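Below is one structure, written out as structure tokens; the observations come after it.
Where a number appears in this text, it was derived from the coordinates with a stated rule and is not lab data. Predicted, not measured: the structure shown is a model, and the values here were computed from it. Note that each Cβ is placed from the backbone with ideal geometry, even for glycine, and that neighbours are counted across all protein chains shown.
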Number of protein chains: 2
Amino acid sequence: MALSSPGKAEAEIRAIMARRVAAVRAKDAAELVGHHAASVVSYDLLLPLRYGGVDAVRQRGEQWFDGYDGPMGYEIQDLQVYADTDVAFCHGLHHVTGTTKAGRKIDMWWRATQGFQRMDGAWRIVHEHGSVPFDMATGKVSFNLEP
Amino acid sequence: MALSSPGKAEAEIRAIMARRVAAVRAKDAAELVGHHAASVVSYDLLLPLRYGGVDAVRQRGEQWFDGYDGPMGYEIQDLQVYADTDVAFCHGLHHVTGTTKAGRKIDMWWRATQGFQRMDGAWRIVHEHGSVPFDMATGKVSFNLEP
């Protein structure tokens, strides 16, 4: 017998992503990585090419939150979830708003994909991929994309 | 009973990714999308934010191959596969080499994640995410990253 029905697994993944949204809005880096595997492999928006480990992801989260002055708005749009018994992934469009400590207004969309594995009964994010596409003519990413 | 053991599913995903490598080396866009779902959602290296459908992915592949003069080298390094019975994903570092029709030498690494769903017994790529990270100071992606 499967540990959970596909519908239940999808609901569990959606709940984890909802907690991610709440963690960003609370600027809480520990909560941001509350469902990551220790060995997570992250392909982040920013350099380098990849990095590994939950501590690095948490530190990156802290830097991200520290860059904002006051509250951060955060939402995920068009979240699609594919979940089996022990492996799942999801993808969606992430949107952050706020003002940086340098006084820059941020209203930015990007794409993100999360990969999950059930470990000791609990879903863990084992892989994360966030990015902004670039323009071949300039080599620059675009910060004013909208879905 | 599961349709296939996890080991068998992983081998099937690795075989599909090996066929992807062969398709790029052959500059064969039809073969490149030979295992995509009709409704695939693609987050590509280049703008826009996302696009959908196997025809768009094939056309993007044709443009990519047409940009090269002569042979393309292609490999995937550090491919990690997570496969259950009907849902799987993989991630790895992709490397292309060659010379563009404009005479530019390309030797470029990027990150890619593929999401799979078993449909009518066959694995299909339902989601694809490829990207190059950028430098916050310049807003530019880096074309000379190495693993």
Between beta-carbons, use under 14 Å as the cut-off and find the net charge around residue B:130, counting Lys and Arg +1, Asp and Glu -1.
+4
Measuring from a point 7 Å out along Cα→Cβ, what nm distances, shortest first, does residue B:104 have to its partners in the other copies?
2.4
Inter-copy separations for residue B:47, label at 7 Å along Cα-Cβ, nm, ascending
2.3
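Grab the beta carbon distance between residue A:30 and residue A:106, set R0 = 25 Å, and tell me the FRET efficiency rounded to 0.05.
Between residue A:30 and residue A:106 the formula returns 0.65.
When the helices in chain A are scored as -39500 (n - 2.57) per DSSP H run of 4 or longer and the sum is shared across all residues, what 222 nm value do you end up with, to the nearest 500 deg cm²/dmol?
My calculation for chain A gives -8000 deg cm²/dmol from helical runs alone.
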Would you mind checking B:8/B:105; A:105/B:105; A:27/A:105 for any pair whose Cα atoms are more than 27 angstrom apart?
B:8/B:105; A:105/B:105
Ordered by residue, what ³J(HN,Hα) values in Hz, to whole numbers, does the range B:110-121 give under the Karplus form 6.51 cos²θ - 1.76 cosθ + 1.60, where θ = phi - 60° and Gly and Pro are x?
8, 10, 9, 10, 10, x, 10, 10, 7, 10, 6, x
Assigned charges on the beta-carbon of Lys, Arg, Asp, Glu; the range B:35-81 dipole about Cα centre (debye):
240
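Across peptide A:42-54, what mean number of C-beta atoms from other chains lies inside 10 Å of a residue's C-beta?
4
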Compute the signed sum of charges (Lys and Arg +1, Asp and Glu -1) over the other residues within less than 12 Å, Cβ to Cβ, of residue A:69.
+3
Lys and Arg at +1, Asp and Glu at -1: neighbours of residue B:90 with Cβ under 10 Å from its Cβ sum to 0
Output row for residue B:21: copy-to-copy label distances, label 7 Å along Cα→C-beta, ascending, in nanometres, one decimal, is 4.0
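When a/c reaches 1.5 or more, the comparison of a/b and b/c decides; with that in mind, is the range B:32-77 rounded, prolate or oblate per its Cα gyration tensor? Numbers along the way, then the final one.
On the way: a/c = 1.77, a/b = 1.58, b/c = 1.12.
It comes out prolate by the Cα gyration axes.
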Length-normalised contact order for the range A:6-131 - Cα pairs under 8 Å, 6+ apart - percent
26
Restricting things to alpha carbons, find the Rg to Rh ratio for the range A:23-147 using the Kirkwood radius for Rh.
0.97
Taking a temperature of 10 °C and a viscosity of 1.306 mPa s, what whole-number D in µm²/s does Stokes-Einstein yield for the protein assembly as shown with Rh from Kirkwood over alpha carbon pairs?
81
Which residues' amide hydrogens lie under 5 Å from the amide hydrogen of residue B:99, considering only partners 5 or more residues apart or on another chain, with H built in the peptide plane?
B:69, B:106
